[in-house]
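The next block holds one structure in the form of structure tokens; read it before the comments.
The values are calculated or read from the model by the stated rules, or taken from the named source; none is laboratory data. Note that this is a predicted model, so its numbers are computed, not measured. Ideal geometry is used to build each Cβ from the backbone, glycine not excepted, and the neighbour counts take in all protein chains shown. For accessibility, only protein heavy atoms count, side chains too; no ligands or nucleic acids. Shrake-Rupley method; radii C 1.70, N 1.55, O 1.52, S 1.80 Å.
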Amino acid sequence: MMSDTRMQRGEQWLKELLQLSGFSVEIKGDKEESTLGERDPLSLNSYWLTIEESNLTENQIQVLIGRDGKALDAMQYLANSILNLNQESNEQASYTVELNGYRVRRLAEIRNMIEEVVDRVRNTGQQVEVKSLSSAERRQVHTLLKGFEDLESFSQGKEPHRHLVVRPFSW
């Protein structure tokens, strides 16, 4: 199957990257399950690459996640850039790098934050800026908010001061 090859390439690449960085770990790949059903085009070529943490110390886990997930984001950015280089568009994939449940916890935090933002925008009719998101997290929020027809979101500013704005649609 084609999708298995992409997942295996991702597992192998991340394992080698971490070995070169002095970490001896296993990588477990999983196909991302869509919450929107099998027809969701966003999840068709999406994979989670989970770093097995059993051989890591607490300190090593913190180093690999990084402050505010920045090290994990960097690995994820590299994986998505390098593994999709010179690939046909139908062979490209989206990789999420996970360690110690960080992404799952962070996604739950982001969903809670966005629920509050959605309520605030709807109650006040004013736009709300969300500043504490990485570029990968902003993309996740844009995707989450596509389901809200009365709202729109966009990113504004330049890194590292780029932030997400949510406002009533056709403001």
Among 100, 84, 112: highest mean-square fluctuation, GNM of the chain, C-alpha pairs under 10 Å: 112
Rounded to 10°, Cα long-axis angle of helix 70-83 versus longest principal axis of the chain: 70 degrees
Fraction of beta bridges assigned by DSSP in the chain that are antiparallel (%, nearest 5): 70 percent
Accessible area per residue in Å² at 1.4 Å probe, computed on the chain: 62 Å²
Peptides ranked, highest mean first, by Cβ atoms within 10 Å: ranges 147-159, 5-17: 5-17, 147-159
Candidates per GluC sites (Glu not before Pro) in the stretch 69-124, loop by DSSP, up to 15 other Cβ within 10 Å: 88
Dipole moment magnitude, nearest 20 debye, the chain about Cα centre, only Lys, Arg, Asp, Glu C-beta charged: 520 debye
Full-stretch length increase - residue 105, residue 88 - with 0.36 nm per residue and alpha-carbon distance subtracted: 2.8 nm
Mean residue ellipticity (222 nm) of the chain, computed from DSSP H runs ≥ 4 via -39,500 (n - 2.57), nearest 500: -14500 deg cm²/dmol
Net lengthening on full extension, residue 162/residue 81 (0.36 nm per residue, minus Cα-Cα): 27.1 nm
Contour minus Cα-Cα distance for residue 54 and residue 145 (0.36 nm per residue): 29.2 nm
Per-residue HN-Hα couplings for the stretch 12-22 [Karplus 6.51, -1.76, 1.60; θ = phi - 60°; Hz; x = Gly/Pro]: 5, 4, 5, 4, 5, 4, 5, 4, 4, 8, x
Descending semi-axes in whole angstrom, ellipsoid equivalent of the stretch 52-171, from the Cα gyration tensor: 29, 19, 13
